Amino acid sequence: MKYAVVLFSWLLAISVSGQNYSGDTWAQVKSKGEGSISVAYVETFGFVYKDGNQLTGVCVDIMDDFVKFVNDKKGVKLSSQFVGDGSSFKGMYDKVKSSAGGVFGLGNITITEERKKEVKFSPAFITNLTFLITQNSVATLGKMEDMPKTFGKLTAYVAKGTVNEKRMQTLKQKYFPNLNIVLTANSQETYEKVTTDTNAFAYLDLAFYLESVQNRKPLKRHPVGDIAADQFGFAMPLNSDWYPLLDEFFKADGGYTNSARYKGILKKHLGEIGVKLLQSAGK
């Protein structure tokens, strides 16, 4: 019986530890001169995606630049490793939130005051655009007040636990009391719903709109619903000591987001259309 209890306790410890990610703190890396960070992610067109078996994207390139910056400026040997499968925003976010040390979350993570109570954010690396999307067969929405008439037969789809869910609930309260909202597991599922259902509409981030353009999906953007208020950042556990390094990185040499390197990354992964849309939003 004694051995059974010990075995159970050991298995429980393994199970609990497996729930979170781990990575070295900056204090540990600085002390040892080397270390490793863990990078969780959610696959998002342009921002984090697979090119063959290799993860790439805006977020990945920026994180690579950050690791290089730390190594060059601080004289250490820092490496990074990807963790998780990238399939769920909520799964990635919750893991980062409950982890400790050198753990980072990458993807379309909107910085909000509510989330600042749960995770620590890097400085913003982009101002996101959110679009009101339907299929091409739906008449163009002239003004938000016309939603009950123009979108009267449509069903709204939105990923549970996202900023867009709150946005859709606000839209319902303000313009469309009888709106039917269906929650999806993630934004990719929302995207698939609106691309296959002629009676669907959604709020989708810039990344998904660009994906629809690249894949020539029959989707329409309704400009009256454009939103350019959200900022994306990298997420870290609240106890992370990596923020000062990230802040230094983003501020160095006149500002990382003002650099030719950064602008090249946007063009590489978001294309000319994406860059023009960002510029039109004041970026």
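If you scan region 267-277, which residues turn out to be surrounded by fewer than 19 Cβ atoms within 10 Å (Cβ to Cβ) and either closer than 30 Å to Lys74 by Cα or within 19 Å of the chain's Cα centre (by Cα) (or both)? Scanning region 267-277 gives Lys267, Lys268, Gly271, Val275. Asn199: without any contact (Cβ under 8 Å) to a residue 60 or more places away in the chain and over 20 Å from the mean Cα position of the chain (by Cα), yes or no? Against the criterion (without any contact (Cβ under 8 Å) to a residue 60 or more places away in the chain and over 20 Å from the mean Cα position of the chain (by Cα)), Asn199 qualifies.
Would you be able to say whether some residue in region 61-77 is modelled with pLDDT of 95 or more, crowded, with 17+ Cβ neighbours inside 10 Å and within 29 Å of Val194 (Cβ to Cβ)? Checking region 61-77: at least one residue is modelled with pLDDT of 95 or more, crowded, with 17+ Cβ neighbours inside 10 Å and within 29 Å of Val194 (Cβ to Cβ).
The single condition among (1) closer than 23 Å to Arg261 by Cα; (2) modelled with pLDDT of 95 or more; (3) among the hydroxyl-bearing types (Ser, Thr, Tyr); (4) in contact with a strand residue (DSSP E or B) (Cβ under 6 Å, 6 or more places away or on another chain) that Thr127 does not satisfy is (2). For the condition surrounded by 21 or more Cβ atoms within 10 Å (Cβ to Cβ) and within 24 Å of His222 (Cα to Cα), Ala159 qualifies.
Kindly evaluate Thr162 against the criterion of being hydroxyl-bearing (Ser, Thr, Tyr), assigned by TED's automatic domain parsing to the domain that holds Thr25 and closer than 28 Å to Ile265 by Cβ. No: the conditions fail for Thr162. Checking each residue in region 244-283 for being part of a helix (DSSP H, G or I), among the small types (Gly, Ala, Ser) and at pLDDT 95 or above picks out Ala252, Gly254, Ala260, Gly264. Could you tell me whether region 30-40 includes any residue that is on the phi > 0 side of the Ramachandran plot, under 18 Å from the mean Cα position of the chain (by Cα), buried (at least 17 other Cβ atoms within 10 Å of the Cβ) and in the same structural domain as Glu248 (by TED's automatic domain parsing)? The answer is no; no qualifying residue exists.
The values are calculated or read from the model by the stated rules, or taken from the named source; none is laboratory data. These figures come from a predicted structure and were not determined experimentally. Here Cβ is always computed from backbone atoms with ideal geometry, including for glycine, and neighbour counts include all displayed protein chains.
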